[in-house]
Each structure stands twice: as structure tokens, then as C-alpha cells.
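Accompanying notes for the structure given below.
The values are calculated or read from the model by the stated rules, or taken from the named source; none is laboratory data. Because the structure is predicted, anything quoted here is derived from the model rather than measured. Neighbour counts run over all protein chains shown; Cβ positions are idealised from the backbone, glycine included. When the accessible area is computed, the model is the full protein with side chains, heavy atoms only, and any ligands, DNA or RNA have been set aside. Shrake-Rupley method; radii C 1.70, N 1.55, O 1.52, S 1.80 Å.
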Amino acid sequence: MTEGLRERKKRETRQRISDIATGLFLEHGFVTVTMAEVAEAADVSVNTVYNYFPAKEDLFFDRSSGVVDLLARWVRGRDTGESAARAVLRELRADVEAVSPRVGLMEGYDRFMRVIHDSPQLRSRLWSVQQEVQDNLEAVLREETGAAPEDPLPGLVAGQICWIHGTVFAAIGREMLKGRAPAEVSREMLVLVDDIEELLSDRVLGYAVRD
């Protein structure tokens, strides 16, 4: 459906508030910046900010909705003959090799990670997002394999797949915090992905193969 003028203006306003807030957080830190300061900088009322973002953490993790179902989308889109874990490994390798901002391989990512590192609220929200990712992935694995509700295997495999993704992301974050070049980190992360794959059992690598 074509986006109406009202919807477009709301989307643009939301994005402008988020962009301005992100700039303030990166410059001054998450804890010190208030919602009132965000509203003033965006030239809107405090109520308007809260209408779009119920909590300050929502302003920082504005794009988390796209992250929450990322692994589930990768698994749903796996190729014929490909397992869930191998689909995630393939997609992750492609992003790392492309030096993609989607995995944090970009200039300035160190500032983003430092803000999270310095804020207990953001670290807590990040953990919550990671739990949502795993829950969504487990639900997809149960659906795709027809597993019974009491079968623990979809949850165990979802945990292993999230470990793959989380380990690579954490490693990228640590290296980017050192001020290293994204392309240099990318090469090392490709080796890490290979090492991770070697550690996975055949049962995990062979789970939920698409017919």
C-alpha cells in the first residue's frame, strides 16, 4: 500500500527525533542526556518524544525491531538442503566479508559500543533484545521441524545459533573499540567464523535441513 502523507510525516518525525537523540548520546553519553534535552534539540514537545519512544532506551535501540527477527528470517530463507545453522553461518560470513555496517564493521562503531559499555540500562536492554532473538528463533525452529512443545531440541539449537551470532558480534565490538580499521577486523572475523563452525557438532549443523 502507498504510504499516506500523515504516515510519512510521522515516520520522518520519528526518524528525526531518533537521529538527533543518537547524536546527543554519542556526544554526551546515554546517562546524562534527558528526554527533555532530546525534545528541545528536536524542536518538539517532551510528550511527542514519549509518544514515539516510551523509554529512553527505545531511542538508542531504535532499529532493534529489525534485529529481533534477523536470525529467524535467515533460517526461514535457507536454501534447499541447507540446515538452520549453516544458513546463519552463510549469511554471517557474507556480511563480514562485505565489511557490512550490519555487523558493526564501520567507522564510528566504537563510539556506539562505548555508549552501551558505559550504561547499565543499555546493557540490560541489549540482553533483553538478545533473549527476544533467541525466543523468535526457537519458535521458527519448532514450526519448521514440527517439534513437539515438550521437545527441548529447538531451544538448544536456537541457543547454539545465537551463540554463533553473539560471539562474532562481541568480537567485532571488542576490536572496533580498539580503533581498528573495519576491513582489517573483517579478515580476522572470517577466520573466527570458520573456527566457530569447526566447534559445532554434526547434530547442530545438521538440524532443520530444508527438504
### Query
If the viscosity is 0.890 mPa s and the temperature 25 °C, what translational diffusion coefficient in µm²/s does Stokes-Einstein give for the chain when Rh comes from Kirkwood over Cα pairs?
129 µm²/s
### Query
Tell me, what is the per residue accessible area of the chain in Å², probe radius 1.4 Å?
55 Å²
### Query
Percent of accessible area on the stretch 116-211 owned by carbon and sulfur, 1.4 Å probe?
52 percent
### Message
Given a Förster distance of 35 Å, report the FRET efficiency between His117 and Ala36 from their Cβ-Cβ distance, rounded to the nearest 0.05.
### Response
0.90
### Query
Measuring from label point to label point, each 7 Å out along Cα→Cβ, what is the Glu188 to Leu156 span in nm?
3.4 nm
### Query
How much length, in nm to one decimal, is gained on full extension between Arg102 and Thr80, taken as 0.36 nm per residue of separation minus their Cα-Cα distance?
5.4 nm
### Summary
Carbon plus sulfur, as percent of the 1.4 Å-probe accessible area of the stretch 1-112, comes to 50 percent
### Task
Once you have the Cα-Cα distance between Thr13 and Asn51, take 0.36 nm times their residue separation minus that, and quote the gain in nm to one decimal.
12.6 nm
### Summary
SASA check, Asp58, accessible area w/ 1.4 Å probe, all protein chains in place, rounded to nearest 10 Å², comes out at 40 Å²
### Task
Round to the nearest 10 and give me the degree value, 0 to 90, for the angle of helix 153-177's Cα axis relative to the longest principal axis of the chain.
50 degrees
### Whole-Å distance, taken between Cα centres, linking the stretch 81-102 and the stretch 28-43
36 Å
### Task
Please give the calculated 222 nm ellipticity per residue for the chain, where each DSSP H segment of at least 4 residues contributes -39500 (n - 2.57) and the sum is spread over every residue; nearest 500 deg cm²/dmol?
-22500 deg cm²/dmol
### Query
How high is the FRET efficiency between Asp43 and Trp163 when r is their beta carbon distance and R₀ equals 41 Å, given to the nearest 0.05?
0.40
### Query
If you count, for each residue, the other Cβ atoms within 10 Å and average over each peptide, how do 70-82, 116-128 line up from highest to lowest?
70-82, 116-128
### Query
Using a cut-off of 18 Å between alpha-carbon atoms, which aspartates and glutamates can reach Lys9, once sequence neighbours fewer than 8 places away in the same chain are excluded?
Asp19, Asp43, Asp62
### Query
Label Arg180 and Ser128 with points 7 Å out from Cα along Cα→Cβ: what is the distance between them in nm?
3.2 nm
